[in-house]
Every structure is written in structure tokens, then in C-alpha cells.
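Please read the structure below before turning to the comments.
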Amino acid sequence: MNHGPLLFLGVLCCVVASWLGLVVGPHFQFGNQDLVLIEETGASYPSARDGLALQGAEIYRANGCNYCHTQQVRGASEGADIARGWGKRRTVARDYLRDRPVMLGNHRFGPDLANLGARQYTTNDLYLKLYNARLLHPRSVMPRYPYLFEERPLRPGAAPSSDALQFPEGSAAPANVEVIPKADALALVAYLQSLKSDAVFFEVFPPPQPAAATNGLSGVDTNAPALGDQTNAAPAAGAGATSTP
Amino acid sequence: MKPVSSIPKVAGAAGVEPPEPKTGNAIQTPMWFIALLGISLYWGTMYLDRNGGGYNPLVFNRGERMADVEARVPKSDADLLVAQGRKVYDIYCKACHQPNGRGVPNQFPPLAESDWVNVDGANRLIRIVLHGLGGPISVNGVEYNNVMLPWRDQLSDDDIAAVLTFVRGNKEWGNHSGPVTAAEVKKVREATASRDSNWTAAELLAIPLKD
Amino acid sequence: MSSPASPVSPPIADPAPPASPGEIDLSCRWPVGLLLFCASGWLLFGGVVGALAAIKLHAPGLLAHWPMFTYGRIQPVAWNAFVLGFGLQAGLGIALWIMARLSGATLVGTGSIILGTLTWNAGLKLGLLSVLMAGGTGMETLELPRFAVIILFVGYALIAAWPLVVFQRRRRGDVYPSEWFFVAALFSFPWLYLAGNCLAVWYPLRGVLQAAAQAWFTHGLFIGWFGFLTIGVALYLLPKISGVALPSRNLAGFGFWLLAVFGFWGGAQRYFAGPLPAYLTAQGVVATVLTVFPMIAIGLLVWPVVQTSRKAIFSVPAGRFAVAGLGCFLAWGGLAAINCLSPVRAITQFTLATVALDHLLLWGAFGLTAIGACYYIAPQVIGRELPFAGWISWHFRLATAAVLLHVVAFGVGGLIQGAGLENPDKAFIEVMRGWIPFAGMGTLAMTLQAVGGLLLFANVVAAVVAQARAAVVPVAQEWLTPSAPKAEVRP
């Protein structure tokens, strides 16, 4: 250990080995994964985002949303993510093929967003959360993003424009102003609504349903319709799993 | 600027800077440390073997392997039809035609590599399953004379299509003929709805193999 | 193993006797002094911004109208200010000085190091400004935009070449273990940072491979820079202060290579149960558990030193800092390994506990050790006692209390948060309300850190000013006094 070059080579080998094993090897192993063709729709998954949603991804990145929100759903055996309704299945590598950068996130100070677009939020709800999350959830720690909105003074008695945010009954809506989302907010919400990791393909088929596994063929006396039902039911279940609910 | 002569007192407790540190040989690497390291390396390989998914990039769940992933993937419709046919065969056909499809010499004719099964079209086979067969019949040049029961009341069109698909396409038996659809079975069933007796080989031979 | 004068192992590079400590300190004065000065400034800044980010975590309304102060921008700034501002510069400064001392060679390349330091600071400031102005890359721990990273690389190359030159010019026979760790860290960082940036940001790999590259970089940074430096500094300071020789060279080497072999393979367990294939996270788990062994080796190595001369070590602030820092590092290793195990991971993943663990390594292990080393080295390179010596003990109390408070509060808060998240019947907003008080304690901890940083910075600034005055005032007085003496000379 008195020789600088040996020390250097040893450490270099250690770093390079880990780099090859953790980054380069996996790149050559699954860096060329294909998009999935969804047969029902003929579309490929993950689907390409439109221009507005791509701009929204830039807003998401620039404001560091990924420091509080993850975009990954753990399997049912590893956490309550699916039970919480954050997704119907776990997320896998193929879900992120089009993301650049991939913003998986490491902290859940806010809820997971991997399937936000598939969840029941109206556009107005999302705007309200961005404008002031505490209007919907008192004591929420989500920051306000007032700079994504324009507050226009409203003449007394005048109705707000159709683009303006609709505040829920009883919330502390700002008085005498109408709140209009700026272009950044439009893009960000378009991106959020494009977040869906719900297509089903090879790696992520759900475990077989217990109901489908039972069969009526326990004895010779089984009547014919039971057999017929089964033949019909099985492909239907497969097709149902492949379609996007 | 003159060289610093006074060593700051933070340098050492005694107020003078001690010499640069050296290494000694006061202790040896303890044996328990080596042993524990060996055990942990063993544990590491076992952990990787158990939870590494066989280094397959399509395995994501901890503790699974590729076979577990494949087991969850629904089979294609054709596979499902064959699986259904195998079940029907096991219940209704196996007793006479045997699990290997070779039948019983002089009693029940074979289905495997049979010149009645491996034909282009299932018109005659569907009729046999629906209404049974009686009397002498020559299969692969061997004469049989026995009665096969009709199954028209027990088996649905789907079941008959499934079992015939299974039999005709059974590569293990050496059969390579095409599938049968429930629609074909339905058509034959309707065309022969009035029949209430077994077919004879002679009657069947008069019927075209396929429409 | 053998003394420098022993004929068995003659000096490798130069038969000349080792340079005296005074000569080495003098050669280090400007480059190391500047690095430590900048580092202490960044420590203060990192504490202030860290406190601001901590406030934003539980009181998001603060400065909400300013886009640049939103949590998602201020948090990466706080992280990078500490890691790249304090961590890198303090590490480089400390490594330069200790390598020079251990090699018995004067530092060369003064101009290059100073230029490199200025470049580094300029690049970092521009980069952080860019993050504040919405220019962050979106890759956690690799946020700085490309142009800033390139400037940083230029600065790093200008600085980091010289400790290696000093190492090659060493005038002592045996290489002391600290030097192994420093050489390893100096080589690892540029490789990690370049490969991480290239594959995760500049020419990103497809999909989650970016996350794999980012996880590899982050863990490599933890081990290859912060870990190696923490151990290197502690292995130097404790025997140096106590005057006790390090008990085993073999064990030190064993620990070093174990850390180098296992350490870099961790990281992917950050995405446990996430979208990385199972084998990547499994490798991370195994590597992190095995990394406990080098930690045990280092603990076994240092324990006799601390045990035999506790009084001497604790009488010097740097000794206290080093013991606390090394303790944090060993605790981090143990907790990181426990955190890998799936029942624990299921609770702590994505929670404050993850933050606590990172904080324990960055502000606890490296922070405390490096602050101690700054207090040890700064007076010697400046050539003057720090003027507010009493503040040093206060900084120690503040910094250790802050680390303890932060780690315990976030650890407990994280467990509460994780238990809540695991209960699908508990609404998310209820889970959030459960951990907000603990996030509040983080603000207190970061404020303490900021105050501590102020104590160090004020001390360094005051010492520099005093030294400058001592050097300048006599000259200036000579110039400014009525030109009587000169008049005498002229005739």
C-alpha cells in the first residue's frame, strides 16, 4: 500500500466495476426495451405526450415537484400504494421509456403522482391545488404557486370569466378578483393529467383471480353449460385486463 | 512575511504539536471479524439468489423469478381452447381412447396418428362426437367393431370444438391437423338435429370431409 | 510500520529529509486558507438556506410569491451548497494540508489551486443561481446545469491534481492510511460526477436507467467522497492529537479495501420496490449490508486510540469533532444496513427517515469531522490563533445537538409518517399532519447549524483580518508616517 499507482488502479477497478455492474450492464441488458403495442387501441405504450404536456414536464422539473412527489407505485406486497388507490399495479421500467428526465422522486411529502391522470380529479381541482392547496385540504404543506396564475381585479357584481378558477363553496376565495391560470399552469396540468401508468403488459400482469381458477369439472356429472361458460369467461378476463380501465 | 514560529495551541493538548501519526502493530484483525465477514458474504450470495430474480430485467417483485412472471400472463385464446379440450377429453374420452390417445387394440380405435383424425376438415369427426358410432370401422387398416356413445346432450358446441381441436392438434400424439370452431359444430348440430341413431362408417364415408 | 529513517524502507521519492511543519504550513497558507475560507462561507450559507428549506417544508406560505424560493428549488440549492460548496472545498483543503503534512513535502501549485478555487466557486454560484431561476436538471443530487458542471470540473482539475503531486513527492517511507483514503476520494469524485452527469443528464440513458445512474452516483458520492474523507480525517486527527500510533496497519488496509469493494455497489436500494429490476435493488441491499464490515474495521481501529487517550483527544475541539463525526459515520453505516431490510424499508421508504439518514452522513459524519479539521488546520495555515477560541466549543455543542435533533426528529417523524402511509384507511392529509411537528424540529436543527456556521465563519474571517492587519499595519505605518526617516536617508 505504499505504491500510488497500485492504489489508484485498485480504486479505479472498484469504481469502474460498480459502474459497469449498476449502470452500463443494465443499459446493455434492457436499455433497448420496446414500447408496448396495446392491441385493443393499436396505440403504443407509454404514449407520447403532446406538446403542452411536454412543456408541463419542464414546469414540473423547474419547480422541483419531484422533491415531494414520487412517480412510482410499489407492488401490493411492498406497501400500501395500491391500497391507497395510487395505481392498479406496480410501476416497472417500461413505464418510463419516454420520460426525460425520469423524475421518480424519493420522498412522499405529497402523494404519489404516477397515475394522477387516471384518478378522479377535475382540471379545476388541480388548478385549485396549485393555486392554494389549503383551499381543499386545510393545513396541507403543499406550497402555493401563485406565480402560475394571474389575479385580475373583478368589477363588483361582474361574473368571472369562464377560464377563471371556480372556488368551492365556503372556501376562502380571494375577493373581487378572478384567478386565471397562466400558460405555465395550463401546461403543468396537461402534464399531470398525462401521468398514467396503468397499461397491462407482460411484466405487470396481475396475479390470476381466485374466482377464475376454480372449475366446475370436479366430476363426470358436471353439466355442459358450466364448461361452456368457462371457455367464454377466460379470454374475456384476459381482454379485460389488457384494456385500460 | 516571517515564517510562523509559534504553533497554535489548538494543535495539541500539551501546547506543542505532536509528530505526524504512525501506524503500529498493536492489534490483529480479529478472527470473529473474518468469520462474520465470511458468513455475511455467504448470506449475500443467498440473498441475491433468492431476491435477485435470476438477474432478469423483467422480474421486479422481490423473491420472484421469471417463471412467476410468466405464470401470471394469460394464455392466448388458442391455448385456452386446447386447455379446455384437454379437460373435456380427460372426462369423456380418456376412459376408452386412453390418456395417450392410442386406444385399446381390437376394442377402441386410436386417435393418435389416426387416418380418421388427420384429415383436412372435421365434418365426420363432429358427427361422430355428436351422435356416436356403431358397427365395423377400419382405422389405419385395422378393423374395429364396437359402439361409441353420443355426446350431443352432454357437450356444448364449445366443448366439442375444444376437444376436437385438442385431439387434432395434439403434437405429442403425432397429430398436426387444424383447429375446429364452435361455429362448425353448431352448423353440423343443426343440420343433423333430427338424427337419433349412431352413425355407421359407411354413412360417414359418404359425407365430404369439409364443406 | 517502520520509522521514516529506517533503512528497511527508504524514502521513495526524495532522499531529502521531510519538510518542517512550519514550511509546509507556509506553503499551504494561501491555497488551503482560501479553500477553508470559502468552505466555511458555504457552510454558513448551506445552514441558512437549509433552514429556509426546512421552514418551507412545514410552513409553505413563506415567500410563496417568489418562484425562486419554492421548496423544490431551495431544497436542491441547500443540498448542493453543502455538498459542493462545503463538502468538496473543505474536503479538498483538508486533504491538501494533511497530505502535505503526511508526505513531508511542501505544497506546490499554489497559483493553480487558487485559480481552481475561484473557478469552482464561480461555477457553483452560477449553477445554484440557475437552479433558482428554473434551470435545475430535475435529477436529484445532480441538479446543476451542464455549463456549471463543466466549470466545476475545470476548477476541480486545477485543485485536485496537486495533492497527488504532493503524494508523489513524499519524503516519508510509509504511506499513512489517511493518504489511501484521500487518494481514493480524489480519484473517485471526478469519475463519479462525470459518469453520473453524462449518463443521467447530458446524454441520458433510456427510462429508469437514468435513475440507476443517479442512484449509483449518489451512493458513490456518499462512500467515495464523504465516507473516505471522514475516515481519512479521523484516522489522522485522533492519533495525531493523542500521540498514539494507529494500532494496526493491516486492519486499516482491510477496512479500506472492503469499503472500496462493497461501498460503490449500493444505492439502488433507494428505489426499493420501485421500477428498477429486482436484481439491482437486491445488489444494493447486499452491498449496503456488507459495507457494515469496513465500518466495524474502522471502529476496531480507532477504539483503542480513543480509549487510551480520551482526555487528550477531548481536550482539543478537533478531537471532539472527529470522534463525534466518526461516531455518526459508523451509526450511518449500521442504520443504512438496517434500513435496507424489507420490513424496515417498507415503513421508512419515501419518508422523513430517508432524509434523516442522508443528514446523518452529510451534516453528521462528514460535517462534524470536517468542521473539526477546519478548526485544527485554519489557525496553522493562517498562522494565528482563532480570535474567538471560546466559540469553538459552542460550535461543537450546536452542531452535535443539531445533528442529533435533526436525525432523531426526522427519524421518529419518518416512522410515524411511514406507519401512516402504510395504513390505507388513513387519509393522506392526516398522515401529513402527523409528521409536520417533526419537520418543524428540522427547522430548529438547521437554524442551530446556521448559527454554528456563523461562529466558524466569523472566527476564520476575524483571524484572517487580524493576520492581515498584523502584516499590513507595520508596512502601512511605515508608509504613512511623516517622511522624516526618508528625509534623513536622502542627504
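So B:Thr29 ticks every box in (1) open to solvent by 50 Å² or more (accessible area, probe 1.4 Å); (2) touching a strand residue (DSSP E or B) at 6+ places or on another chain (Cβ under 9 Å); (3) not assigned by TED's automatic domain parsing to the domain that holds B:Gly174 but one. Which box is left unticked? Single failed check for B:Thr29: (1). One residue is enough: does segment C:129-147 have a residue meeting the conditions surrounded by 24 or more Cβ atoms within 10 Å (Cβ to Cβ), in a helix (DSSP H, G or I) and not β-branched (Val, Ile, Thr)? Looking through segment C:129-147, none of the residues is surrounded by 24 or more Cβ atoms within 10 Å (Cβ to Cβ), in a helix (DSSP H, G or I) and not β-branched (Val, Ile, Thr). For segment C:177-184, the condition holds for no residue, the condition being that it is under 30 Å from A:Met103 (Cα atoms) and among the hydrophobic types (A, V, I, L, M, F, W, C).
Let's see how each residue does on (1) closer than 23 Å to B:Ala191 by Cα; (2) in contact (Cβ under 8 Å) with a residue 40 or more places away in the chain; (3) surrounded by fewer than 22 Cβ atoms within 10 Å (Cβ to Cβ):
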residue	(1), (2), (3)
B:Asn140	no, no, yes
B:Glu143	no, no, yes
B:Val147	yes, yes, yes
B:Trp151	yes, yes, yes
B:Gln154	yes, yes, yes
B:Ala162	yes, yes, no
B:Val180	yes, yes, no
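State which residue is farthest from the other protein chains (Cβ to nearest Cβ) when the search covers only segment C:417-434 and only residues that are within 20 Å of C:Ser342 (Cβ to Cβ) and surrounded by fewer than 19 Cβ atoms within 10 Å (Cβ to Cβ). Within segment C:417-434, the match that is farthest from the other protein chains (Cβ to nearest Cβ) is C:Ala419. Quick one: would you say B:Leu80 is over 24 Å from B:Ala183 (Cα atoms) and free of Cβ contacts under 8 Å to residues at least 60 places away in the same chain? Considered against the rule, which asks whether it is over 24 Å from B:Ala183 (Cα atoms) and free of Cβ contacts under 8 Å to residues at least 60 places away in the same chain, B:Leu80 comes out as no. The helices (runs of 4 or more DSSP H) found wholly in segment C:274-384 and carrying at least 1 residues that are over 18 Å from the mean Cα position of the chain (by Cα) and closer than 28 Å to A:Leu20 by Cβ occupy C:278-290, C:292-308, C:317-340, C:342-348, C:352-359.
Per this entry, A:Arg98 is not counted among residues that are surrounded by 24 or more Cβ atoms within 10 Å (Cβ to Cβ) and either more than 7 Å from chain C (Cβ to nearest Cβ) or under 12 Å from the mean Cα position of the chain (by Cα) (or both).
Residue count for segment A:144-177, restricted to those that are assigned to a strand (DSSP E or B) and surrounded by fewer than 20 Cβ atoms within 10 Å (Cβ to Cβ): 5.
Among the residues examined, C:Leu246 qualifies as open to solvent by less than 20 Å² (accessible area, probe 1.4 Å) and touching a helix residue (DSSP H, G or I) at 6+ places or on another chain (Cβ under 7 Å). Identify, please: which residue in segment A:169-188 is of a type outside the set (A, V, I, L, M) and over 14 Å from A:Asp125 (Cα atoms) and is, among those, farthest from the chain's Cα centre (by Cα)? Top of the filtered list is A:Asn176. Please verify whether A:Phe201 is modelled with pLDDT of 90 or more and open to solvent by less than 40 Å² (accessible area, probe 1.4 Å), treating the condition exactly as stated. It is false that A:Phe201 is modelled with pLDDT of 90 or more and open to solvent by less than 40 Å² (accessible area, probe 1.4 Å). B:Phe108 meets each of the listed conditions (1) within 23 Å of B:Lys187 (Cβ to Cβ); (2) touching a helix residue (DSSP H, G or I) at 6+ places or on another chain (Cβ under 6 Å) apart from (1).
When C:Arg384, C:Arg345 are screened for being within 14 Å of chain A (Cβ to nearest Cβ) and either closer than 30 Å to C:Ile98 by Cβ or open to solvent by 10 Å² or more (accessible area, probe 1.4 Å) (or both), only C:Arg345 passes. Taking (1) away from chain A (no Cβ under 14 Å); (2) at positive phi; (3) part of a loop (DSSP other than H, G, I, E, B); (4) not basic (Lys, Arg) in turn, B:Leu111 satisfies each apart from (2). The test for being within 16 Å of A:Ser18 (Cβ to Cβ) and either touching a helix residue (DSSP H, G or I) at 6+ places or on another chain (Cβ under 8 Å) or not hydrophobic (A, V, I, L, M, F, W, C) (or both) does not hold for C:Gly255. Evaluation of C:Gly333 against the conditions (1) at the interface with chain B (Cβ under 9 Å from one of its Cβ atoms); (2) surrounded by 22 or more Cβ atoms within 10 Å (Cβ to Cβ) shows that the sole unmet condition is (1). Applying the criterion of being facing chain A (nearest Cβ under 7 Å) and over 29 Å from the mean Cα position of the chain (by Cα) to the residues of segment C:61-71, the residue that is most open to solvent (accessible area, probe 1.4 Å) is C:His65. Annotation note: of C:Trp394, C:Trp363, the sole residue that is farther than 30 Å from A:Ser140 by Cα and open to solvent by 10 Å² or more (accessible area, probe 1.4 Å) is C:Trp394. What are the residues in segment A:178-194 that are surrounded by fewer than 22 Cβ atoms within 10 Å (Cβ to Cβ) and within 13 Å of A:Leu52 (Cα to Cα), if any? Those that are surrounded by fewer than 22 Cβ atoms within 10 Å (Cβ to Cβ) and within 13 Å of A:Leu52 (Cα to Cα): A:Lys182, A:Ala183, A:Asp184, A:Leu186, A:Gln193, A:Ser194. Considered as a group, the residues in segment A:1-26 that are of a type in the set (Val, Ile, Thr) and within 7 Å of chain C (Cβ to nearest Cβ) include one that is farthest from C:Trp216 (Cα to Cα), and that residue is A:Val11.
A:Gln71 passes every criterion in (1) in a helix (DSSP H, G or I); (2) of a type outside the set (Ser, Thr, Tyr); (3) buried (at least 16 other Cβ atoms within 10 Å of the Cβ) apart from (1).
Scan segment C:258-273 for residues that are assigned to a helix (DSSP H, G or I), more than 7 Å from chain A (Cβ to nearest Cβ) and under 24 Å from C:Val233 (Cβ atoms) and jot them down.
C:Leu258, C:Leu259, C:Phe262, C:Gly263
Would you mind finding the one in A:Pro26, A:Pro5 that is at negative phi, surrounded by fewer than 12 Cβ atoms within 10 Å (Cβ to Cβ) and in a helix (DSSP H, G or I)? It is A:Pro5.
Conditions tested, residue by residue: (1) facing another protein chain (nearest Cβ under 10 Å); (2) hydrophobic (A, V, I, L, M, F, W, C); (3) open to solvent by less than 10 Å² (accessible area, probe 1.4 Å).
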{"position": "C:Val305", "(1), (2), (3)": "yes, yes, yes"}
{"position": "C:Ala312", "(1), (2), (3)": "yes, yes, no"}
{"position": "C:Ala318", "(1), (2), (3)": "yes, yes, yes"}
{"position": "C:Gly327", "(1), (2), (3)": "no, no, no"}
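Does A:Gly75 satisfy the criteria of being on the phi > 0 side of the Ramachandran plot and not acidic (Asp, Glu)? Criteria not met by A:Gly75.
Can you spot a residue in segment B:37-59 that is open to solvent by 30 Å² or more (accessible area, probe 1.4 Å), more than 30 Å from C:Gly299 (Cβ to Cβ), modelled with pLDDT of 90 or more and part of a loop (DSSP other than H, G, I, E, B)? Among the residues of segment B:37-59, at least one is open to solvent by 30 Å² or more (accessible area, probe 1.4 Å), more than 30 Å from C:Gly299 (Cβ to Cβ), modelled with pLDDT of 90 or more and part of a loop (DSSP other than H, G, I, E, B), which makes the answer yes.
Go through segment B:65-88 and give me each residue that's within 7 Å of another protein chain (Cβ to nearest Cβ), part of a loop (DSSP other than H, G, I, E, B) and not hydrophobic (A, V, I, L, M, F, W, C). Within segment B:65-88, just B:Pro74 meets the criteria.
The values are calculated or read from the model by the stated rules, or taken from the named source; none is laboratory data. Predicted model, so just to flag it, every value in this text is computed and none were measured. Every residue, glycine among them, receives a Cβ derived from its backbone with ideal geometry; neighbour counts consider all protein chains shown. Areas reflect the complete protein model, heavy atoms only, side chains present, ligands, DNA and RNA absent. Shrake-Rupley method; radii C 1.70, N 1.55, O 1.52, S 1.80 Å.
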